[in-house]
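Everything on this sheet refers to the single structure shown next.
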Amino acid sequence: MANLLKKHRQLRETATSTYRKALFSIFGEKELPYIQSTDDHNVIATWKAFSQVRKIYGNLFERIPNSETTYIDRVLEKTCNADTPIHQKAFAIVTYENFLNLKLPNIISKEKIIKPLLLIFEEQIKKGESLHREVNHSTESEDEDDEDEEAFINEEE
């Protein structure tokens, strides 16, 4: 059982790294300054407060200027294909949400933050809805004292 859990975590860590690379490749370092998940908590909090990061987070579900495509769709195009399971696409979206959301103080989030968001985005994808942020879930504050298992939203290579 422990080996299966370890393998599952490794797969998610690899996927998360791929998602982050796609995000940085779309926005570039000028628009989205680089950060590592291993950086100090204060460095991460400061990074999330940068105007560039807040702007990208705010525009993630908006249309790219002069395009019919949203930023989130463009990132998904780089990381997913027609055969990618809905759950994996939803996990990618949650990864971006957690990575950029100023109200979540870390890059690595707790399962209690991730699980409801996964369900929301899976449902949006299944229904063919345009992807959008659910404010009441994505802006929850992360409780640092909670003993929930961490969900590895980002281990840097």
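Miscellaneous remarks
- Test for Arg54: is it out of contact with any Lys or Arg (no Cβ under 9 Å at 6 or more places or on another chain), at pLDDT 90 or above, among the charged types (D, E, K, R) and assigned to a helix (DSSP H, G or I): no
- Screening the range 110-132 for residues that are within 15 Å of the chain's Cα centre (by Cα), part of a helix (DSSP H, G or I) and charged (D, E, K, R) and picking the one that is nearest to Ala90 (Cα to Cα) gives Glu122.
- Cβ pairs under 7 Å, 6+ apart, first in the range 101-126 and more than 13 Å from Lys48 (Cβ to Cβ), second in a helix (DSSP H, G or I) and at pLDDT below 85: Pro116/His137; Leu117/His137; Leu117/Ser138; Ile120/His137
- Selection status of Gln36, in contact (Cβ under 8 Å) with a residue 40 or more places away in the chain and farther than 24 Å from Ile125 by Cα: yes
- Residue within the range 82-100 that is at pLDDT below 90, more than 18 Å from Glu13 (Cβ to Cβ) and not in a helix (DSSP H, G or I) present: yes
- Condition check for Glu62: touching a Phe, Trp or Tyr at 6+ places or on another chain (Cβ under 7 Å) and of a type in the set (D, E, K, R): yes
- Answer residue from the range 19-49, given it is at pLDDT 85 or above and polar (S, T, N, Q) and is nearest to Ile64 (Cα to Cα) among those: Ser25
Conditions (1) of a type in the set (A, V, I, L, M); (2) loosely packed, with under 15 Cβ neighbours inside 10 Å, marked per residue:
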residue	(1), (2)
Asn42	no, yes
Ala49	yes, yes
Gln52	no, yes
Ile56	yes, no
Phe61	no, no
Ser67	no, yes
Thr70	no, no
Asn81	no, yes
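The values are calculated or read from the model by the stated rules, or taken from the named source; none is laboratory data. Bear in mind that the values here come from a model prediction, so they are computed numbers and not experimental data. No Cβ is skipped: glycine too gets one built from the backbone with ideal geometry, and neighbour counts run over all protein chains shown.
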